[in-house]
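Working notes, beginning with the structure itself.
Just so you know, all these numbers are worked out from the coordinates, no wet-lab data involved. Everything quoted here is computed from the prediction, not taken from an experiment. So basically every Cβ, Gly included, is an ideal-geometry build from the backbone, and we count neighbours across all protein chains shown.
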Amino acid sequence: MKLAVFVSDFKSTVDTLERLTAEKLGIILVENGVFHAVIKEKGAHSSLLKKSANFYVLSEDLATRGLSNLNVANNVKVVNYNDVVDLIFNDYEKLAWL
């Protein structure tokens, strides 16, 4: 199964994500979830970004929070709304929201 998960909250650990497995897993950081892509604690990015997945962050939500694309972790791709629609229709079969 190809699963895309929208993460809209910032927590130090996301237990539900740790239990998810999929043939292809995409994690799309939206709303306050975008902080996972930019915030560093003790010099390290969010532990969420260590999961084996494709990571995306919504550029509009970064801008709304006054964050820059330049601060996004290297393994996270910055996308816009149109890109998210393309991901949903072309790359993933199922969606979840956390």
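Counting other C-beta atoms within 10 Å, and keeping those with at most 11, which DSSP coil trypsin sites (Lys or Arg not before Pro) do you find in segment 20-59?
Qualifying residues, ordered by number: Lys42.
Could you give each residue of segment 85-90 its phi-based ³J(HN,Hα) in whole Hz, using Karplus coefficients 6.51, -1.76, 1.60 with θ = phi - 60°, and x for Gly or Pro?
Along segment 85-90, the couplings run 4, 4, 4, 4, 7, 10 Hz.
Given a Förster distance of 22 Å, report the FRET efficiency between Lys2 and Tyr81 from their Cβ-Cβ distance, rounded to the nearest 0.05.
Rounded to the nearest 0.05, the efficiency is 0.60.
Work out how far the C-alpha atoms of the chain reach from end to end along every principal axis, then list the three figures in whole Å, largest first.
Ordered largest first, the chain gives principal extents of 34, 29, 20 Å.
Search the structure for amide H atoms under 5 Å from the amide H of Leu29, placed 1.01 Å from N in the peptide plane, and list their residues when 5 or more places away or on another chain.
It is Val7, Tyr56, Val57, Leu58, by chain and number.
Just in segment 1-69: which GluC sites (Glu not before Pro) are loop by DSSP and have at most 11 other Cβ atoms within 10 Å?
Here the GluC sites (Glu not before Pro) that fit, given the DSSP loop and packing criteria, are Glu23.
Hey, what does the equivalent ellipsoid look like for segment 16-58, semi-axes from the Cα gyration tensor as sqrt of 5 times each eigenvalue, largest first, whole Å?
In descending order the semi-axes read 18, 13, 8 Å.
For n ≥ 4 DSSP H runs only, could you compute -39500 (n - 2.57) per run for the chain, divide by its residues and tell me the 222 nm figure to the nearest 500?
After summing the helix terms and dividing by residue count, I get -6000 deg cm²/dmol.
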